[in-house]
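Asks: Below you'll find the structure I mean.
The values are calculated or read from the model by the stated rules, or taken from the named source; none is laboratory data. All values reported here derive from a predicted model rather than from experimental measurement. Cβ sites come from the backbone with ideal geometry, for glycine too, and all protein chains shown count toward neighbours.
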Amino acid sequence: MTPIASTFGLGSRFDAFLFAAIGDDLNGMPLTVVSVLARADLDPWQEAAILAALPKDMATQRFAALLAALPESTSQRTDAASTAVRLIALLPPQTNANTHLTVQKSGAASTVAPWALLNPILIVIYLVLSLGVQFFVARRDLATGTNPVHVSAAPAHPSQAPTATSDK
């Protein structure tokens, strides 16, 4: 059976590690790396990418600490260090810790960063605020009875003031 994550291109290179058996929990259910990471509220593929990017000894220490932190009811107590060494060996060689998950769409992989939508959202907010200010100013002018187009302006410079002519 092909794991669903592999079907969608979510890091099949980590399948050997993620779906490796650790043992059985106290209820007799199989315990795998993916289930341990999910129970720890971690994204399994992201954590696998992070562990693969670390040096082997650091990855082993990090994963052993995670295994040791499991509650008693979750797993049978095994030697976390030796289990971590065995499982970390299943990771592929060094990869970038910033590996993004890709989702296959129509045969093409695409990634979307959450911050990529920030600029369009800020532009829409700016436009809405600008239109709101213009609407407010226009309503204020209508309420006061002033029409900015027909308001006579005072001369810009005193020398341009009209001169008084006498009809004598």
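Asks: If I go through the stretch 44-61 residue by residue, how many of them are surrounded by fewer than 19 Cβ atoms within 10 Å (Cβ to Cβ), more than 10 Å from Leu91 (Cβ to Cβ) and touching a residue at least 12 places away in the same chain (Cβ under 8 Å)?
Replies: 3
Asks: Condition check: among the hydroxyl-bearing types (Ser, Thr, Tyr), crowded, with 17+ Cβ neighbours inside 10 Å, under 21 Å from the mean Cα position of the chain (by Cα) and modelled with pLDDT under 80. Does Thr111 satisfy that?
Replies: Judged against the criteria, Thr111 is not a match.
Asks: In this structure, does Gln46 turn out to be farther than 13 Å from Ala84 by Cα and assigned to a helix (DSSP H, G or I)?
Replies: Values: farther than 13 Å from Ala84 by Cα: yes; assigned to a helix (DSSP H, G or I): yes.
Yes, satisfied.
Asks: In addition: Which members of the stretch 30-43 meet the condition of being over 19 Å from the mean Cα position of the chain (by Cα) and either buried (at least 20 other Cβ atoms within 10 Å of the Cβ) or not in a loop (DSSP other than H, G, I, E, B) (or both)?
Replies: Let us first name the residues in the stretch 30-43 that are over 19 Å from the mean Cα position of the chain (by Cα), namely 30-37, 39-40.
Once the filter is applied, which keeps residues that are over 19 Å from the mean Cα position of the chain (by Cα) and either buried (at least 20 other Cβ atoms within 10 Å of the Cβ) or not in a loop (DSSP other than H, G, I, E, B) (or both), the stretch 30-43 yields Pro30, Leu31, Thr32, Val33, Val34, Ser35, Val36, Leu37, Arg39.
Asks: For the stretch 69-84, give me each residue that is at pLDDT 75 or above and in a loop (DSSP other than H, G, I, E, B).
Replies: Selection gives Ala69, Leu70, Asp79.
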